[in-house]
Amino acid sequence: MSIVRVALDIPLPRLFDYLAPDSTESDIGLRVTVPFGRGSKVGVIVACLVSSEQPVDKLKAVTEILRDMPPLPPEWLALCEFCARYYQTPLGEVTSFALPPMLRRGKLPRRSKAVAVSPAPTFPTLPDLLPEQAAAVAAITGAQGFHTFLLHGITGSGKTEVYLRAIAAVLEQGGQALMLVPEIALTPQLEGRVAARFPGTRIVSAHSGIADAARARGFLDAMEGRADIVLGTRLSVFLPLPRLRLIVVDEEHDASFKQQDGLRYSARDVAIWRAHQNDVPIVLGSATPSLETFHHAASGRYGLLELTERAVAEAPPVVRVIDTRREKLQDGMSAGLLAALGQRLERGEQSLVFLNRRGYAPVLACPPCGWISHCQRCAANLVVHLADRRLRCHHCGFETPIPRACPDCGNIDLQPFGRGTQRLEATLTERFPEARILRVDRDSASTPGKWQALLDTIHKGEADILVGTQMLSKGHDFPMLTLVGVVGADAALFAADFRAPERLFAQLMQVGGRSGRAELPGEVLIQTEYPDHPLYRALVDHDYSGFARSQLDERRIAGFPPFSFQAMLRAEAREMSQSLEFLAAARTLAEAMLKTAADERVMLYDPVPMRMQRLMTLERGQLLVESQSRPALQGFLAAWMDQIYSLKMPAGLRWHLDVDPLEF
C-alpha cells in the first residue's frame with residue numbers, strides 16, 4: 001500500500017500521511033491536493049511510505065498529485081528542512097513560504113512551449129580593474145568548492161564590478177549565479193546593469209513587487225535551468241538552481257535580509273548554508289559589514305578581500321562634524337550646513353539633506369493641556385503629514401484627519417514638535433526659493449513608477465537639493481551630488497538596542513558615500529551635539545575597522561553576539577497579563593528542562609513587555625534565551641518547542657520564536 005507524507009501549511013510541527021495508491025518515489029517533491037478538515041489544501045510530498053504510524057482506516061486519500069511540473073529537487077527540500085530545523089518553524093510553513101503564491105495554490109502560470117536556450121554571453125568593453133579589484137576577482141574565481149569571502153570595500157570602490165567579473169567566469173563555465181540585494185528599489189537598477197553586461201543571458205528577477213504569474217515563471221525557469229542569473233531580494237534565496245556555482249550577497253549588513261514575520265530567517269545566513277550545501281563560493285559585500293561578518297573575517301573563518309581605493313573618484317568624501325551645542329539652529333539646520341547648500345547651488349551641483357524620519361513632524365501636541373497625538377492601536381505617536389492633512393501611525397497604518405482643535409480642551413493652537421522630511425522640505429523651499437527641491441521618502445515614492453520618476457529627475461539634473469531618508473543611502477550613483485548634510489542622527493547614539501551604534505555608523509557611511517562618486521569632490525556635514533563621540537570620530541577618519549573592533553570589544557565584555565547566540569520567544573494578546581503569563585509558563589517548562597539536563601550553557605531571562613508593548617491593539621511581551629554555544633541553544637530550542645506547543649493558551653494569543661533576533 002502506497003502512502004505519501006505531506007508538508008502542509010499548518011502552524012503545527014508535524015507532517016500528514018495520506019493514501020496514494022498510484023504514488024512512487026519519483027513523486028517526492030511534487031505538489032499534492034489533499035482533504036483537510038472541511039476543505040482541502042495544497043502541500044508538498046516529502047516522503048513515500050509503505051506504512052504509517054496512523055491506522056490505515058483513519059488515513060484519507062489524496063485528491064490529486066499535481067504532475068504538471070517537475071518535482072521540487074532534493075536540494076530544495078533539504079534547504080527547507082534546514083530552515084525548519086534551525087528557525088524552529090514547521091516544515092509545511094517553510095515549504096509554503098518558499099514557493100511562489102501561484103504554485104502554493106496549486107496553479108501554474110502560462111508559459112511558452114518553446115525552450116529558450118541562452119546563447120554564449122558576449123561581453124562589452126570592460127573597465128580596467130584596480131589592482132585590489134583584480135586580486136579579489138582572482139581569489140573568488142580561483143576558489144575550489146565552498147568558501148565564504150567578505151568583500152570589504154569603501155563606498156565607490158567598485159564592488160559591483162567585482163561581482164560582475166566573478167559572475168562572468170561562472171557563466172563561461174555553464175553555471176548559474178544567485179545575487180541578493182537588500183531593497184526592491186535597487187533590483188531594477190542593478191538588473192539593467194547586469195543585462196547590459198551580459199546580453200543574451202536569461203536573468204530572473206525575484207522580489208515581492210513582481211506579479212504572481214511572473215514570480216512563478218521565474219521560479220520554474222530557475223529550477224529547470226533556463227535562468228542564468230537570479231537577481232533579487234531575500235526571498236530569491238529559495239529559488240532552486242541546478243547549476244548554481246556562485247552566490248553574491250550585496251550590502252550583506254542590511255537588516256532587510258532578515259524576515260520579521262512568518263518564517264523569521266536571515267537570507268544572508270541561509271545563503272551561506274546553501275553555498276555550503278552546494279559546495280560553491282559565496283561573496284558577502286559591504287562597506288560596513290555586520291559585526292558578526294567582520295568578526296568571522298578577522299578571525300580567519302571568512303576570506304577577507306579589501307578594496308581601499310575608489311574606482312572613479314580620487315578620494316572618499318571629506319567628513320566634518322558641526323558642533324550644534326552652542327549654535328542656535330535655523331529650523332533645525334546650522335549656519336554651516338545652510339552655507340554649504342548655498343555654495344552648491346551657485347556651482348550647479350546637487351546636495352542631499354538626510355533625515356531618516358518621514359512626515360512633517362513626529363507628533364502633534366497641545367501645549368496648554370498636554371494632549372499628544374497618540375495612536376489608538378499602538379504604543380506610538382501619530383506622525384503629522386501636513387501635505388494631505390493627516391495623522392498617521394508608521395507602525396500599524398492607522399490614520400485620521402488632523403483635528404481643527406484639541407480633542408481634550410478645544411484649544412485651536414495645536415503645535416507640531418520635531419521635524420520630518422516634509423517639514424525639512426518646506427523649510428528649504430522657504431530658505432532657497434530659487435532651488436529645485438525634491439523629497440525622496442516612502443510617501444513620495446509610494447509606487448515603483450513614482451520611485452523611478454524621482455530617480456530620473458535626479459539623474460537628469462532637474463533637482464538641486466534632495467531631502468531624503470535611508471531610501472537614498474545605498475546603491476545609487478548621482479554624479480552631480482557633492483554634499484550630504486545629516487540632520488537628527490544623535491538620537492540613535494543612546495538607543496536601548498545594542499545594535500543601534502552599528503546601524504547608525506553603517507547608515508551614515510552609506511549615505512555619505514553618495515557624495516563625490518564622480519570627478520567632483522564630495523563633502524559630508526554631520527550636525528551633532530556630541531562632536532567628540534567615538535562613532536563620529538571614526539566616521540571623520542573613515543575608520544570602519546577601528547569602530548568595529550571597539551564595538552566587538554564592548555560586546556565581548558557584555559556577552560552579546562557574535563560572542564553569544566540568542567533566541568527570542570514573543571507573545572501577543574489583548575491583555576499584557578495574558579502575554580506575560582504565557583511566557584512565564586514557557587519559562588517554567590524551560591527551567592525544568594535545564595534542571596533535568598544540568599546544562600548551564602543556556603541562560604533564561606525574565607518575561608518583559610517589548611519596547612513597543614502595544615501594536616495593532618495587541619499587548620506584546622518577550623522572553624530572551626541565550627547561550628555561548630550554538631549547538632547547545634539549538635538542542636534546547638528543539639526540545640522546548642515540543643513542550644510549548646502543548647501549552648494551553650487563552651483565545652486570541654499568538655506566539656512565535658525568533659532565532660538570531662535583530663529587533664528587541
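Would you point out the residue of the stretch 403-441, among those that are among the charged types (D, E, K, R) and in contact with a Ser or Thr (Cβ under 7 Å, 6 or more places away or on another chain), that is nearest to Gln189 (Cα to Cα)? The selected residue is Asp441.
Just for the stretch 296-350: of the residues that are charged (D, E, K, R), closer than 30 Å to Lys460 by Cβ and out of contact with any Gly (no Cβ under 8 Å at 6 or more places or on another chain), which one is surrounded by the most Cβ atoms within 10 Å (Cβ to Cβ)? Walk me through how you get there before you give the answer.
We begin by selecting, within the stretch 296-350, every residue charged (D, E, K, R); these are 301, 306, 309-310, 314, 320, 323, 325-328, 331, 344, 346-347, 349.
Filter again for closer than 30 Å to Lys460 by Cβ, leaving 309-310, 314, 320, 331, 344, 346-347, 349.
Applying the additional criterion that residues be out of contact with any Gly (no Cβ under 8 Å at 6 or more places or on another chain) yields 309, 314, 320, 331, 344, 346-347, 349.
Numbers: Glu309: 18, Glu314: 9, Arg320: 15, Asp331: 13, Arg344: 21, Glu346: 7, Arg347: 11, Glu349: 18.
Ranking the candidates gives Arg344 first.
Answer yes or no as to whether Pro416 is within 33 Å of the chain's Cα centre (by Cα) and surrounded by 19 or more Cβ atoms within 10 Å (Cβ to Cβ). So that I can check it myself, show each step before the final result.
Details: within 33 Å of the chain's Cα centre (by Cα): yes; surrounded by 19 or more Cβ atoms within 10 Å (Cβ to Cβ): yes.
Yes; evaluated as a whole, the condition is true for this residue.
For the stretch 426-460, filtered to residues that are part of a helix (DSSP H, G or I) and among the hydrophobic types (A, V, I, L, M, F, W, C), the residue that is surrounded by the fewest Cβ atoms within 10 Å (Cβ to Cβ) is Ala453. Where strands (runs of 3 or more DSSP E) fall wholly inside the stretch 332-424, the ranges with 1 or more residues that are free of Cβ contacts under 8 Å to residues at least 60 places away in the same chain and hydroxyl-bearing (Ser, Thr, Tyr) are 399-401. Is at least one residue of the stretch 481-501 of a type outside the set (A, V, I, L, M, F, W, C), assigned to a helix (DSSP H, G or I), touching a strand residue (DSSP E or B) at 6+ places or on another chain (Cβ under 7 Å) and closer than 16 Å to Gln189 by Cα? No: the stretch 481-501 contains no residue that is of a type outside the set (A, V, I, L, M, F, W, C), assigned to a helix (DSSP H, G or I), touching a strand residue (DSSP E or B) at 6+ places or on another chain (Cβ under 7 Å) and closer than 16 Å to Gln189 by Cα.
Scanning the stretch 623-658 for residues that are in contact with a Ser or Thr (Cβ under 9 Å, 6 or more places away or on another chain) and part of a strand (DSSP E or B), we see that the one that is nearest to Leu583 (Cα to Cα) is Trp655.
If you take the residues of the stretch 104-143 that are of a type in the set (D, E, K, R) and either modelled with pLDDT of 85 or more or farther than 30 Å from Leu220 by Cα (or both), which of them is nearest to the chain's Cα centre (by Cα)? Of everything passing the filter in the stretch 104-143, Arg104 is nearest to the chain's Cα centre (by Cα).
Among the conditions (1) modelled with pLDDT of 95 or more; (2) basic (Lys, Arg); (3) over 22 Å from Ala139 (Cβ atoms), Arg245 misses just one, which is (3).
When Phe146, Phe198 are checked against the criterion of being out of contact with any Gly (no Cβ under 9 Å at 6 or more places or on another chain), in the same structural domain as Trp273 (by TED's automatic domain parsing) and at pLDDT 95 or above, a single residue qualifies: Phe146. As a summary of the residue check, Ile184 satisfies the conditions (1) over 17 Å from Gln452 (Cα atoms); (2) part of a loop (DSSP other than H, G, I, E, B); (3) among the hydrophobic types (A, V, I, L, M, F, W, C) except for the one numbered (1). Of all the listed residues (Ala47, Ala7, Ala20), the sole one being free of Cβ contacts under 8 Å to residues at least 60 places away in the same chain, assigned by TED's automatic domain parsing to the domain that holds Leu91 and within 27 Å of Leu244 (Cα to Cα) is Ala47. Taking the criterion of being charged (D, E, K, R) and buried (at least 19 other Cβ atoms within 10 Å of the Cβ), the residues of the stretch 504-522 that qualify are Arg514, Arg517.
Of the residues that make up the stretch 333-344, is at least one outside the structural domain of Tyr544 (by TED's automatic domain parsing) and under 21 Å from Leu472 (Cα atoms)?
Within the stretch 333-344, the subset outside the structural domain of Tyr544 (by TED's automatic domain parsing) is none.
No, the stretch 333-344 contains no residue that is outside the structural domain of Tyr544 (by TED's automatic domain parsing) and under 21 Å from Leu472 (Cα atoms).
When Glu309 is tested against the conditions (1) under 30 Å from Ala405 (Cβ atoms); (2) touching a helix residue (DSSP H, G or I) at 6+ places or on another chain (Cβ under 7 Å), the lone failure is (1).
Look at Lys41 and say whether it is of a type in the set (Lys, Arg), in contact with a Pro (Cβ under 6 Å, 6 or more places away or on another chain) and over 27 Å from Phe636 (Cα atoms).
Considered against the rule, which asks whether it is of a type in the set (Lys, Arg), in contact with a Pro (Cβ under 6 Å, 6 or more places away or on another chain) and over 27 Å from Phe636 (Cα atoms), Lys41 comes out as no.
When the stretch 453-507 is examined, which residues are found to be out of contact with any Leu (no Cβ under 7 Å at 6 or more places or on another chain) and at positive phi? Gly461 - this is the single residue of the stretch 453-507 that is out of contact with any Leu (no Cβ under 7 Å at 6 or more places or on another chain) and at positive phi.
For the stretch 16-57, taking the residues that are of a type in the set (A, V, I, L, M) and within 17 Å of Ala98 (Cα to Cα), the one that is surrounded by the most Cβ atoms within 10 Å (Cβ to Cβ) is identified as Val44. Applying the set (1) farther than 28 Å from Thr155 by Cα; (2) over 21 Å from the mean Cα position of the chain (by Cα); (3) free of Cβ contacts under 8 Å to residues at least 40 places away in the same chain to Pro242 leaves exactly one unmet item: (3).
Every residue, every condition in (1) among the small types (Gly, Ala, Ser); (2) in contact with a helix residue (DSSP H, G or I) (Cβ under 8 Å, 6 or more places away or on another chain); (3) under 25 Å from Ala380 (Cβ atoms), yes or no:
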residue: Ser579; (1), (2), (3): yes, no, yes
residue: Phe582; (1), (2), (3): no, no, yes
residue: Arg587; (1), (2), (3): no, no, no
residue: Glu591; (1), (2), (3): no, no, no
residue: Val602; (1), (2), (3): no, yes, no
residue: Met616; (1), (2), (3): no, no, yes
residue: Val625; (1), (2), (3): no, yes, no
residue: Gln628; (1), (2), (3): no, no, no
residue: Ala638; (1), (2), (3): yes, yes, no
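Applying the condition of being free of Cβ contacts under 8 Å to residues at least 24 places away in the same chain and of a type in the set (A, V, I, L, M) to the stretch 173-226 and asking which residue is surrounded by the most Cβ atoms within 10 Å (Cβ to Cβ) yields Ile210.
The values are calculated or read from the model by the stated rules, or taken from the named source; none is laboratory data. These numbers come from a predicted model, not from an experiment. Heads up, the Cβs are rebuilt from the backbone with ideal geometry, glycines too, and the neighbour counts pull from every protein chain shown.
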